[in-house]
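Have a look at the structure below, then the notes.
Bear in mind these aren't lab numbers, they're just calculated from the coordinates by the rules spelled out. Quick caveat: nothing in here was measured; it's all calculated off a predicted structure. Please note: Cβ atoms are built from the backbone with ideal geometry, for glycine as well, and neighbour counts cover all protein chains shown.
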Amino acid sequence: MSYDLVVIGGGPAGYVGAIRAAQLGKKVACVEKERAGGTCLNWGCIPTKSLLRNAELFHLMKHRADEFGFSFDNLSFDWSKVIKRSRDVADKNAGGIEYLFKKNKVDYILGEASLERAGSVTVKSRDGKTQKLEAKNVLLSTGVVSRPMPGLPFNGTTVIGSREAMILEKQPKSIVIIGAGAIGVEFAYFFNAFGTKVTLIEMLPNILPLEDTEASQTLEKAYAKLGIQVLTNTKVVKAEAGKEGVKISVEGKKVETLEAEVCLVAIGVQALLSGGTALKLTQRGYIETDARYQTSLPGVFAAGDIIGPPLLAHVASYEAIQAVEGMFTNHAPKKVSVFPSCTYCQPQVASVGLTERAAKEKGLKFKVGKFPFSASGKARAVGETDGFVKILFGEPYGEVLGAHIVGAEATEMIGELGLAITLEATHEEIEATIHAHPTLSEAVHEATGQAYGVAIHL
């Protein structure tokens with residue numbers, strides 16, 4: 001079979017790139033070894049949000065029912081149904097991608113692909129048969145997998161990665177989570193909400209270390225109220241895993257040994273490289289690409305997590321579209337510069353652009369506007385007053401340099417501020433935009449006003 005483009009990997013980079021090429025009238029095949037949608041739809045973004053929604057609802061009913069005038073007798077949950085709902089959501093979304101392939105006439109091939117040379121891909125199906133695909137262009141989008149911790153290999157039962165954490169048949173009574181990035185923080189909220197004793201370990205000074213320091217510290221305080229033990233500035237020095245559980249020795253504010261039924265290792269990921277021709281890699285083991293997303297092999301391109309951070313589904317999709325349009329049109333591909341980061345625990349954390357730390361390191365002059373949700377009428381009405389909106393405005397022009405939101409629906413609200421950065425909106429333009437009342441997004445308007453001394457409700 002001969003194609004204009006063969007895509008290896010069917011995740012947010014792969015399936016999006018394949019569909020975009022098909023929209024441009026090209027003959028396209030997408031090879032995926034498991035299921036359309038990749039990690040994001042099947043084992044990441046989508047099913048975890050299902051789990052977190054269950055956790056949010058149960059926590060609300062368990063701990064805050066009286067506040068809303070509700071009462072329950074024998075409130076309980078069915079762990080197996082919680083997990084099943086997550087899998088059902090993932091299955092439905094993956095089926096949607098398969099439909100989009102058919103609609104756009106993309107050949108969807110199940111199997112494990114290897115790049116033999118530029119323009120030649122070999123696919124081995126599950127029944128052991130092989131086929132060769134010829135392609136004018138190849139797009140690699142195989143993504144990443146959980147990185148094991150030295151001395152504490154995954155065993156699927158007591159030492160697990162995020163994939164196993166989503167489908168545990170039995171709820172653990174206790175869990176130690178190593179790594180407090182988005183994955184670790186989200187699972188900490190999920191397990192805690194259902195009553196698991198959670199200890200969250202992070203070797204850096206704050207959880208969500210890439211986020212604004214104030215945002216991270218606000219979430220830490222919220223987690224303390226939830227009963228999650230957060231150990232920052234803490235290093236794992238020894239770890240033992242057995243059939244019944246784990247023992248994790250740490251050094252931080254104090255030296256101690258933690259015991260738990262399960263340990264979730266969430267210290268990062270490593271590139272999932274397909275077999276065949278070797279390509280030039282970065283120092284961190286990702287595929288190196290040029291300004292057009294082309295690898296060291298002409299005609300072979302790469303996009304998504306496989307080319308390195310930021311490791312986000314929406315970034316992967318953007319990169320794939322840029323790469324494909326660069327292949328088949330006169331479009332000059334763009335690299336990712338401004339993008340939203342979102343963590344879907346409660347309260348949610350979302351950001352776009354520069355943190356205060358980064359702005360100071362760059363030597364930029366800026367003003368900071370901040371509005372707490374405790375002063376928001378809508379936040380009070382829905383009972384979600386934790387957190388704030390914080391916006392950095394450059395001087396002397398007042399353009400948005402960065403924005404940080406902690407609170408309910410933060411991940412939905414961040415889009416407005418991403419658009420503001422893209423359009424180079426100034427504080428005056430945000431201030432002049434009427435925000436509906438009552439809404440949580442009014443906090444964006446108020447934070448803007450606060451930066452320049454004209455906030456009304458503060």
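Please go through the range 198-229 and give me each residue that is touching a Phe, Trp or Tyr at 6+ places or on another chain (Cβ under 9 Å) and surrounded by fewer than 19 Cβ atoms within 10 Å (Cβ to Cβ), ordered by number.
Selection gives Glu214, Leu226, Gln229.
Kindly indicate the residue of the range 83-133 that is among the acidic types (Asp, Glu) and without any contact (Cβ under 8 Å) to a residue 40 or more places away in the chain and also nearest to Gly37 (Cα to Cα) among those meeting that condition.
Asp91
Please verify whether Ala55 is in contact with a Phe, Trp or Tyr (Cβ under 8 Å, 6 or more places away or on another chain), under 30 Å from Ala22 (Cβ atoms) and not in a loop (DSSP other than H, G, I, E, B), treating the condition exactly as stated.
So Ala55 does not fit the description; no.
Among the listed residues Ser351, Ser337, Ser374, identify the single one that is of a type outside the set (A, V, I, L, M, F, W, C) and buried (at least 21 other Cβ atoms within 10 Å of the Cβ).
It is Ser351.
Being within 20 Å of Glu356 (Cα to Cα) and among the aliphatic types (A, V, I, L, M) narrows it down to one residue among Ala451, Ala432, Ala455; which is it?
That would be Ala451, the only listed residue that is within 20 Å of Glu356 (Cα to Cα) and among the aliphatic types (A, V, I, L, M).
Is the range 419-438 home to any residue that is under 15 Å from Ala379 (Cβ atoms), touching a residue at least 40 places away in the same chain (Cβ under 8 Å) and touching a helix residue (DSSP H, G or I) at 6+ places or on another chain (Cβ under 9 Å)?
Yes, there is a match, as at least one residue in the range 419-438 is under 15 Å from Ala379 (Cβ atoms), touching a residue at least 40 places away in the same chain (Cβ under 8 Å) and touching a helix residue (DSSP H, G or I) at 6+ places or on another chain (Cβ under 9 Å).
Residues of the range 159-192 being under 13 Å from the mean Cα position of the chain (by Cα) and not small (Gly, Ala, Ser), which ones?
Within the range 159-192, Ile183, Val185, Glu186, Phe187 qualify.
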